[in-house]
Amino acid sequence: MMLPNGWKKVRLSELGTFSKGCGIKRDEANSGSIPAIRYGEIYTAHNDYIKQFQSFISENVAKEATLLKNGDLLFSCSGETKEDIGKCVAFVSNERAYAGGDIIILSPTVPCDSKYIGFLCNSSFVNKQRYSFAQGDSIVHISSESIGKIEIPFPPLNEQKKIAAMLSVWDSAIEKMEKLIEFKESQKKSLIKKLIEKQEEKANKIKVGNVTIDKNKWKHERIGNVLKIGHGKDYKGLSLGKVPVFGSGGYMTSVDKFLHDGETVCIGRKGTIDKPFYYKGKIWTVDTLFYTYDFKNVIPKFIYYVFCSIPWKIKNEAGGVPSLTSKIVENVEFYSPSLPEQQIIVDVLSNADDELSLLKQQLENYKKQKQGLMQKLLTGQWRVK
């Protein structure tokens, strides 16, 4: 990598000293009011630098944890995949806070901007180095010695600060979009509850546009009476093709055969059992995912929204991996409106889905634009004046 004049290449070990986080068990994560970070939260709750904490510990737990200093860089040293191992977040605050176990801490001893380092350590060209140092299969580890060997481009401090400030603007835009999506998803849940569920001993007339819907006239139904449930099958032995294969965890691959062609609502049989989805077209599902077909007096997409209103996790009867049986799904009860009323409800909720899809696409565009900007700024291809 050719670097601009004034930039140099350094190893992370040249920037400071390494230490390790310790303590903070899962059941201690909300034991008090002192901010703390556990290694799993580096993956799930933070990007590049810590904006707000998820865990708050007691004074007793803090005695066994590691106190953070402003500017510390935190790396996850355990994980499930080599692609994610060693993810970094910067701690840029004078707030009293602590780090738990399985976190490697780099405390800078030379002048640097920790936000810049945080952005840099999660960039694609540093990810490749982290991946090469990862060890293990089912549980992946990385050591402080390996993290110390990672080489990064190191511009003058004033340029580091300008780059970090520019990327922070994109982070702010991404965060605002994520909050908007969260708000819209909450609105959609409330709308589903209002339109789908019938409240006993309450007024059940609702106004949808220019139409008044009387839920008191809805028919009490059972899922097994209005559709059939199909079981997924192994796709091994099939050739690659254009038919998507889904499991309870989502899309897997595409093959040349299909189990169902048309509208269907899928729900997890094992694993992720609370994420139903609607699909139209040719589809193949594996054994962990049910599909539905042969709908009677119901619109398939209305059933999808019914499924979205059901707390599937409390219907889990398995001791280990969450599971549903076809009998459990068939015995779910709901109230069925007339077909015209179903269509009105579907139209309203589909509009909400369309808005969410658009916002999520905008979010992905923001993230891609930020990644492209990072590639240019963090390698010196574009300079910040």
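A short reminder: the numbers here are calculations on the coordinates, not readings from a lab. This is a predicted model, so every value here is computed, not measured. Here Cβ is always computed from backbone atoms with ideal geometry, including for glycine, and neighbour counts include all displayed protein chains.
Find the percent of Cα-Cα distances in the chain that exceed 31 Å, and round it to a whole number.
I get 53 percent for the Cα pairs in the chain exceeding 31 Å.
Sorting check: for 214-224, 114-124, 15-25, which peptide has the highest mean count of neighbouring beta carbons within 10 Å, and how do the rest follow?
114-124, 15-25, 214-224
Mind sorting Met2, Met177 by how few other Cβ atoms lie within 10 Å of their own Cβ, fewest first?
Final ranking by Cβ density, sparse to dense: Met2, Met177.
Aspartates and glutamates within cross-link reach of Lys51: Cα-Cα under 13 Å, excluding same-chain residues under 8 positions apart?
Glu41, Glu95, Asp171, Glu175
Counting other beta carbons within 10 Å of each residue's own, what order do His46, His260, His141 fall into, fewest first?
On the way: His46 21, His260 18, His141 15.
Exposure proxy ranking, most exposed first: His141, His260, His46.
How far is helix 157-196 tilted off the main Cα axis of the chain, in degrees rounded to 10, range 0 to 90?
Once rounded, the angle reads 20 degrees.
Give the residue from Asn30, Val89, Gly79 lying farthest towards the positive end of the charge dipole for region 8-154; charges sit on Cβ (+1 for Lys and Arg, -1 for Asp and Glu) and the dipole is referred to the Cα centre.
Among Asn30, Val89, Gly79, the one farthest towards the positive end of the dipole of region 8-154 is Val89.
Based on the Cβ-Cβ distance from Lys376 to Glu175, what FRET efficiency comes out when R0 is 22 Å, to the nearest 0.05?
So, using R0 = 22 Å, E works out to roughly 0.50.
Top mean-square fluctuation among Ile163, Ile314, Ile142, Gaussian network model of the chain, C-alpha springs under 10 Å?
Result: Ile314 has the largest fluctuation of those listed.
For each pair in Lys242/Lys368; Lys228/Lys282; Lys188/Lys368; Lys176/Lys367; Lys20/Lys87; Lys179/Lys360, compute the distance between the two Cα atoms and list the pairs where it is over 19 Å.
Over 19 Å apart, Cα to Cα: Lys242/Lys368; Lys188/Lys368.
With the crude spin-label approximation of a point 7 Å out along Cα→Cβ, what separation in nm comes out for Gln343 versus Tyr293?
Between Gln343 and Tyr293, the simple spin-label model gives 2.5 nm.
For a footprinting-style exposure proxy, rank Phe302, Phe334, Phe133 by other Cβ within 10 Å, fewest first.
Listed from fewest to most nearby Cβ atoms, that is Phe133, Phe334, Phe302.
Give the whole-number value, in cubic angstrom per residue, of the convex hull volume spanned by the C-alpha atoms of region 1-74.
Spread over its residues, the Cα hull of region 1-74 gives 126 Å³ apiece.
Compute the length gained on full extension between Lys368 and Glu355: take 0.36 nm times their separation in residues and subtract their Cα-Cα distance, giving the result in nm to one decimal.
Full extension from Lys368 to Glu355 adds 2.7 nm.
Can you list, bin by bin at 10 Å, the percent of alpha carbon pairs in region 311-384, starting at 0?
14, 18, 22, 22, 13, 9, 1
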